[in-house]
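Chemist: Okay, here's the structure, questions in a sec.
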Amino acid sequence: MPAKSKAQQMAAGAALSAKRGERKAGELQGASKSMYKSMSEKELQDMAATKRKGKPGHKH
């Protein structure tokens, strides 16, 4: 599932780094914390790998 905004992509990247053990899960906040708990590593990787060109900063 591709990210719909840059903010969503960045949150997915933060959650992915916590899943991989590169960052502490306790440091996550908001959307990234929710994504960490509810999504698999593969789903997070797909979302974080979305191309940024043409994406809005935030999805309204």
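Bear in mind that the values in this text are calculations on the coordinates, not laboratory data. The structure presented is a predicted model; accordingly, all values stated were derived computationally and were not measured. Glycine also receives a Cβ, built like all others from the backbone with ideal geometry; neighbour counts cover every protein chain displayed.
Chemist: Where in the chain are the DSSP H helices whose alpha-carbon span along the long axis reaches 18 Å or more and whose Kyte-Doolittle mean is at least -1.0?
Modeler: For the chain, where a helix must reach 18 Å along its axis and average at least -1.0, the hits are 6-19.
Chemist: Here is a further query. So what's the net charge close to residue 40: Lys and Arg +1, Asp and Glu -1, counting the other residues with Cβ under 14 Å from its Cβ?
Modeler: Here the charged neighbours net out to +1.
Chemist: For the chain, report the translational diffusion coefficient in µm²/s to the nearest whole number, using Stokes-Einstein at 10 °C, 1.306 mPa s, and a Kirkwood Rh over Cα pairs. Before the final figure, lay out the partial values.
Modeler: Working: Rh = 11.2 Å.
The Stokes-Einstein estimate is 141 µm²/s.
Chemist: Within the set 6/33; 24/55; 6/51; 4/33, which residue pairs have Cα atoms separated by over 20 Å?
Modeler: Among 6/33; 24/55; 6/51; 4/33, the Cα-Cα distance tops 20 Å for 24/55.
Chemist: Relative contact order of the chain, please, whole-number percent, based on alpha carbon pairs below 8 angstrom and at least 6 residues apart. Don't skip to the answer; put the middle values down first.
Modeler: Values: 73 pairs, mean separation 32.7, N = 60.
Taking the mean separation of contacting Cα pairs over the length of the chain, I get 55 percent.
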